[in-house]
Amino acid sequence: MQKVIVFAAMGMEMGGLIYVAFLLGRYLDQTYQTKGLIFAALALIFLAAWLIQIIWLARRFQKEAEADESSPSDPSSSSKP
């Protein structure tokens with residue numbers, strides 16, 4: 001369940017990043033007269049960073065799942081001498 005919450009929150013995070021890129025990009029575009037280029041660059045940079053974080057989290061969850069599968073799930077079922 002925790003993994004579902006983490007990935008659901010990632011969507012909200014992406015929206016927040018795009019909103020910040022919009023606000024910052026709009027301000028910088030108006031200041032430097034770049035006609036939207038700074039906003040586009042910031043949006044792409046934030047999107048790339050967000051995708052890298054998604055990949056990192058997916059790999060971490062996959063490693064945790066593999067570790068859970070390889071370890072015995074019930075310690076009382078192991079044979080004792």
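Read phi for every residue in region 11-21 and hand back ³J(HN,Hα) as whole Hz from Karplus 6.51 cos²θ - 1.76 cosθ + 1.60, θ = phi - 60°, with x for Gly and Pro.
Using θ = phi - 60°, the values come out as x, 5, 5, 4, x, x, 5, 5, 5, 5, 4 Hz.
Counting other Cβ atoms within 10 Å, keep those with at most 13, restrict to DSSP loop, and tell me which trypsin sites (Lys or Arg not before Pro) in region 1-61 are left.
Taking region 1-61 and a limit of 13 other Cβ atoms within 10 Å, the loop trypsin sites (Lys or Arg not before Pro) found are Lys35.
Return the calculated 222 nm mean residue ellipticity for the chain, to the nearest 500 deg cm²/dmol, obtained by summing -39500 (n - 2.57) across DSSP H runs with n ≥ 4 and dividing by the residue count. Let's see the in-between values first.
Values: 2 runs with 65 residues, N = 81.
Rounded to the nearest 500, the figure is -29000 deg cm²/dmol.
Which whole-number percent gives the relative contact order of the chain, counting Cα pairs below 8 Å spaced six or more residues apart?
Numbers: 33 pairs, mean separation 19.7, N = 81.
Averaging sequence separation for qualifying contacts and normalising by length gives 24 percent for the chain.
Using Cα springs under 10 Å in a Gaussian network model of the chain, which residue among Phe46, Phe22, Phe61 shows the largest mean-square fluctuation?
Taking springs between Cα atoms under 10 Å, the residue moving most is Phe61.
Could you give the C-alpha radius of gyration of region 1-80 expressed as a fraction of 2.2 N^0.38 Å, taking N as the number of residues it contains?
1.78
Values in this text are rule-based calculations from the coordinates and carry no lab data. Being a predicted model, the structure only gives us computed values, none of them experimental. With ideal geometry, Cβ positions are generated from the backbone for all residues, glycine too; neighbour counts draw on all protein chains shown.
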